[in-house]
Amino acid sequence: MTTSTSDAPEDLIRAEAAALGFDLCRFTDIDEAWPAAERLDAFVDAGRHGEMAWMAETLERRRHPRAMWDGARSAIVLGVNYGPRHDPLAVLGQPDRGAISVYAQGDDYHEVIKARLKALARWMVARLGGELKVFVDTAPLLEKPLAARAGLGWQGKHTNLVSREYGSWLFLGSILTTLELAPDPLETAGCGTCQACLDVCPTNAFPAPYQLDARRCISYLTIELKGAIPAEFRPALGNRIYGCDDCLAVCPWNKFAQAGREQKLAAREALTAPSLADLARLDDAAFRALFSKNPVKRIGRDRFVRNVLYAIGNSGDPALAAEAERLLDDPSPLVRGAAVWALSRLMDGGRFTALRASRSSAEADPDVAREWAA
């Protein structure tokens with residue numbers, strides 16, 4: 001435990017949060033209007049949430065932090081830096097390797113952050129009293145707008161949080177409490193005329209500054225979308241097999257970013273630039289072992305191998321065709337369909353036509369049959 005030179009509850013909480021490994025700790029009141037609700041309404045009304053039906057189902061609870069818990073009076077928003085030690089975009093130049101988003105290269109941040117939040121919560125109740133609830137991205141609480149209101153940073157034109165101290169690389173956790181805590185000042189937005197994050201997007205997922213269409217976002221397509229990724233977006237995926245860091249990585253504020261210091265969140269060597277050929281050979285047991293305690297595990301082996309096959313199709317490497325051809329017999333129709341698309345990109349026309357003639361008539365799944373016919 002770290003002691004504070006002040007008896008103010010905010011200073012005491014900040015000192016304890018630092019001792020627990022949080023890099024930022026800020027406060028905000030939650031009595032005022034919540035402009036983020038209007039933006040969320042427009043996002044859902046336009047259908048830009050795609051298949052994330054839970055966003056519409058929990059819309060009322062997302063409208064304001066008090067809608068989550070009417071007894072709450074203040075919010076504590078905490079940040080943990082996960083800045084990468086390497087250029088996150090360098091792997092995009094290695095087409096035989098897979099690009100996994102920086103946040104998913106180490107242990108699952110939900111578990112790491114939640115454990116710290118619970119420890120801070122226990123300390124707060126014992127020292128300061130009051131009631132509280134903790135949140136780490138798994139409840140209907142708009143954490144990025146809340147973090148902006150607490151002064152951790154501002155929401156950039158890509159809708160993500162930008163920090164003057166840590167750039168793009170902050171994991172967030174929140175505590176709602178019945179305590180009346182003095183709010184921190186807002187951070188002045190620093191985007192100016194820059195729109196590097198909008199320009200770099202491979203799928204044009206930003207209809208306008210500060211707006212996102214998740215249906216076009218590679219993170220949504222590779223993580224949230226359960227079926228086949230629409231053909232129009234597959235070439236733009238490149239070798240991105242889980243998430244996308246492009247709009248985060250190009251932000252000029254990253255010049256102030258620092259490498260993360262939490263070892264549990266550090267990138268595992270096996271996940272920084274994994275071989276697509278190796279990943280294509282994963283069965284369910286091997287997938288679970290490779291991604292033990294890791295966020296990628298959430299999407300399951302079939303969806304992950306789907307992504308790997310699209311990357312193989314984009315690799316331009318005919319040597320990888322053998323990996324895709326082997327997966328034509330995979331039990332999962334999702335995998336088989338992605339294998340067909342990969343082969344259509346890697347094989348010359350005559351060879352693919354012959355393969356289609358020998359295989360397509362035996363395909364029982366209509367979605368896979370459509371891939372053969374495309």
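The values are calculated or read from the model by the stated rules, or taken from the named source; none is laboratory data. This structure is a prediction, so every number in the text was calculated from the model and none was measured. Every residue, glycine as well, gets a Cβ built from its backbone with ideal geometry; the counts of neighbours run over all protein chains shown.
Quick notes
For every residue, the table says whether it meets (1) surrounded by 17 or more Cβ atoms within 10 Å (Cβ to Cβ); (2) within 17 Å of residue 330 (Cα to Cα).
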position	(1), (2)
234	yes, no
239	yes, no
258	no, no
261	no, no
275	no, no
280	yes, yes
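- Scanning the stretch 348-374 for residues that are surrounded by fewer than 13 Cβ atoms within 10 Å (Cβ to Cβ) and free of Cβ contacts under 8 Å to residues at least 60 places away in the same chain yields 348, 349, 350, 353, 354, 357, 358, 361, 362, 364, 366, 373.
- Take the conditions (1) assigned to a loop (DSSP other than H, G, I, E, B); (2) at pLDDT 95 or above; residue 127 misses just one of them, which is (1).
- Unique residue being under 30 Å from residue 342 (Cα atoms), surrounded by 16 or more Cβ atoms within 10 Å (Cβ to Cβ) and of a type in the set (A, V, I, L, M, F, W, C) when the list is 134, 102: 102
Okay, residues lined up against (1) at pLDDT 90 or above; (2) farther than 30 Å from residue 238 by Cβ; (3) surrounded by fewer than 18 Cβ atoms within 10 Å (Cβ to Cβ):
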| residue | (1), (2), (3) |
| --- | --- |
| 6 | no, yes, yes |
| 13 | yes, yes, no |
| 16 | yes, yes, no |
| 50 | no, no, yes |
| 55 | no, no, yes |
| 75 | yes, yes, no |
| 90 | yes, no, yes |
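- Of the set (1) closer than 18 Å to residue 158 by Cα; (2) at pLDDT 95 or above; (3) outside any helix (DSSP H, G or I), all apply to residue 197 but (3).
- Selection within the stretch 130-148 - small (Gly, Ala, Ser), within 23 Å of the chain's Cα centre (by Cα) and outside any helix (DSSP H, G or I): 139
- For residue 26: the one exception among (1) among the charged types (D, E, K, R); (2) farther than 25 Å from residue 249 by Cα; (3) not in a loop (DSSP other than H, G, I, E, B): (2)
- For the stretch 159-182, a residue qualifies if it is closer than 17 Å to residue 83 by Cβ and outside any strand (DSSP E or B), and the qualifying residues are 160, 164, 165, 166, 168, 169.
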